[in-house]
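The values are calculated or read from the model by the stated rules, or taken from the named source; none is laboratory data. Keep in mind that this is a model prediction, so the values were computed, not measured. Backbone-built Cβ (ideal geometry, glycine too); neighbour counts: all protein chains shown. Ligands, DNA and RNA are excluded from the accessible area calculation, which covers all protein heavy atoms including side chains. Shrake-Rupley method; radii C 1.70, N 1.55, O 1.52, S 1.80 Å.
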Amino acid sequence: MTSTEQHVQADPAPWRVWTWPNLISFIRFLGIGVFLYLLLGTHDDVAGLVVLAVGGGTDWVDGFLARRLGQVSRFGQLFDPLVDRLYILSAVVALTVREFVPWQFTAALLARELVLLAGLVMLRRHGYGPLEVHYLGKAATFIVFAAFPVLVLAGQGGGVEAWARPTGWALAWWGIVLYWISALLYVIQVAGLIRASRADTPDVVRRQST
């Protein structure tokens, strides 16, 4: 068996959907629509801030429960980071529309997502599934989640703006830097797997596939 086949077939986590951690992830997923409605539909920024803070602040809960209860599942390993990514994307787009953040910040975040998407496509082409989320990417997600409610709070004006705006932007740009570092590590991993895949493929097969 080649190393490629070992990587594809090795899946220690069972494919379980109905678990408590996955239920929490699903509730967080529903919160995305609520947040968008509050921020873009009713312009209820305070309520939207609460939903965003709860959705981001409970990001670690599903993973903690999965390990604590012995309910780690392949579905959860894929769905949880997907919810995180959707939360980040919906939040940054909504905050850009409401002019809480500039388009340059949104462009930097979306460009990073395109890099990850391109890497996933390349992995699929070579027979690999999605890579596990790197701890640096999780840390970046947490920091960006923390930045967004502070930026919304800064947009309300008043006495809080003096400390909320610099704090929010310090967190936001710190998170973006960590995001891009994690993306670089992801690209390195993808390149290594692709090289391993090509090394495992006989020359005859490669010539036939071209």
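Tabulated data for the structure shown
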| read-out | value |
| --- | --- |
| Some residue of the range 123-137 being in contact with a Gly (Cβ under 8 Å, 6 or more places away or on another chain), part of a helix (DSSP H, G or I) and over 18 Å from Ala53 (Cβ atoms) | yes |
| Scan of the range 103-125 for residues that are surrounded by 16 or more Cβ atoms within 10 Å (Cβ to Cβ) and in contact with a Ser or Thr (Cβ under 7 Å, 6 or more places away or on another chain), ordered by number | Thr106 |
| Exclusive hit being part of a helix (DSSP H, G or I), open to solvent by 10 Å² or more (accessible area, probe 1.4 Å) and modelled with pLDDT of 95 or more, set Ile143, Ile194, Ile181 | Ile181 |
| Boolean, Val93 is closer than 16 Å to Leu39 by Cα, open to solvent by 40 Å² or more (accessible area, probe 1.4 Å) and modelled with pLDDT of 85 or more | yes |
| Which listed residue is of a type in the set (Asp, Glu), modelled with pLDDT under 85 and either surrounded by 14 or more Cβ atoms within 10 Å (Cβ to Cβ) or under 15 Å from the mean Cα position of the chain (by Cα) (or both), from Asp45, Asp59 | Asp59 |
| Residue among Val61, Val72 that alone is in contact (Cβ under 8 Å) with a residue 12 or more places away in the chain and under 21 Å from Ile143 (Cα atoms) | Val61 |
| When residues of the range 79-90 are limited to those that are open to solvent by less than 60 Å² (accessible area, probe 1.4 Å) and hydrophobic (A, V, I, L, M, F, W, C), the one farthest from Pro21 (Cα to Cα) | Leu89 |
| Inter-residue pairs, beta-carbon under 8 Å, first over 10 Å from Gly137 (Cα atoms) and in the range 175-195, second open to solvent by 30 Å² or more (accessible area, probe 1.4 Å) and in a helix (DSSP H, G or I), 6+ apart | Val187/Val115; Val190/Met122; Leu193/His7; Ile194/Met122 |
| Residue in the range 152-168 that is in contact (Cβ under 8 Å) with a residue 24 or more places away in the chain, assigned to a helix (DSSP H, G or I), surrounded by 20 or more Cβ atoms within 10 Å (Cβ to Cβ) and of a type in the set (Val, Ile, Thr) present | yes |
| Residue pairs meeting the criteria (Cβ under 7 Å; at least 6 apart or on separate chains; first more than 19 Å from Asp80 (Cβ to Cβ), in the range 119-147; second polar (S, T, N, Q) and open to solvent by less than 30 Å² (accessible area, probe 1.4 Å)) | His126/Ser197; Gly127/Thr4; Gly127/Ser197 |
| So Val72, is it more than 24 Å from Leu39 (Cβ to Cβ), of a type in the set (Val, Ile, Thr), open to solvent by 10 Å² or more (accessible area, probe 1.4 Å) and not in a helix (DSSP H, G or I) | yes |
